[in-house]
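Working notes, structure below.
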Amino acid sequence: MSRFHLAQINVARALAPLDDPQLAGFVARLDAINELADRSPGFVWRLQSDSGNATDIQVSADPQFIVNMSVWQDLEALFAYVYRSDHLQVMAQRRQWFEKPAGAFMALWWVPAGTVPDAAEGMRRLALLDRNGPTAEAFTFKAPYDAAGQTIDRSALVRSVEPCA
């Protein structure tokens with residue numbers, strides 16, 4: 001078992017309030033996508049309120065700014081969930097529901113196994129990525145780092161991931 005897990009945050013600004021018909025497609029898929037994450041190989045934890053998701057957790061004064069965070073056993077498990085599961089269909093539709101981000105909207109970083117980061121930590125990692133570009137402290141799938149702080153060949157990551165349900 002690894003001594004580190006991979007944390008991720010992604011944020012977005014909705015084009016309308018979540019109860020607006022424009023976001024109905026996103027809201028309709030939210031529970032299923034969260035359940036898919038929960039049962040995906042390598043899933044450890046995700047940020048959620050009593051509602052079962054994180055859409056009502058405020059990290060900004062803007063009520064249309066939403067946050068999503070999770071922790072995974074490793075980079076391969078998260079990559080498989082994001083790009084090799086039904087999650088990809090939702091991502092392909094994101095411009096129907098969310099503004100195109102001006103800066104970093106997703107950051108990855110390693111945490112000691114058993115650590116649950118909070119939203120403030122995630123926002124700090126996004127700011128680091130925005131300010132410094134990918135580093136071992138905050139990186140992306142396009143420029144990944146391992147838990148020892150060494151860069152990873154992204155093509156090896158893509159090849160290593162088998163399709164999942």
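The values are calculated or read from the model by the stated rules, or taken from the named source; none is laboratory data. None of the values given here were measured: they were computed from a predicted structure. Quick reminder, even Gly has a Cβ in these numbers, built from the backbone with ideal geometry, and neighbours come from all protein chains shown. The accessibility values were calculated without ligands, DNA or RNA, using every heavy atom of the protein model including side chains. Shrake-Rupley method; radii C 1.70, N 1.55, O 1.52, S 1.80 Å.
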Amide H within-cut-off set for HIS5, under 5 Å, with H built and near neighbours excluded: VAL111, ALA113
Full-extension gain in nm, ASP56 to ASP31, via 0.36 nm per residue minus C-alpha separation: 7.6 nm
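Probe radius 1.4 Å, ligands and nucleic acids ignored: give me the carbon and sulfur share of the accessible area of the stretch 87-165 as a rounded percent. Could the numbers behind the result be given before it?
Numbers: 2470 of 4550 Å².
It is 54 percent, rounded to a whole number.
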Percent accessible area from carbon and sulfur atoms, the stretch 1-84, protein chains only, probe 1.4 Å: 52
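Once the other residues with Cβ under 10 Å from the Cβ of GLY42 are scored (Lys, Arg +1; Asp, Glu -1), what is the net sum?
Numbers: positive: none; negative: ASP74, GLU76.
Here the count lands on -2.
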Derived scalar couplings ³J(HN,Hα) [the stretch 39-47; Karplus, 6.51 cos²θ - 1.76 cosθ + 1.60; whole Hz; x for Gly, Pro]: 9, 6, x, x, 5, 10, 7, 9, 5
Nearest-ten-degree value, helix 75-84 long axis tilted from longest Cα axis of the chain: 40
Per residue accessible area of the stretch 39-86, 1.4 Å probe, in Å²: 46
Share of alpha-carbon pairs per 10 Å distance bin for the stretch 68-165, given as whole %: 14, 44, 38, 4
Distance in nm between pseudo-label sites at THR115 and GLN89 (7 Å out along the Cβ direction from Cα): 3.6
Helix 119-132 axis, angle to the chain major axis (alpha carbon atoms, nearest 10°): 70
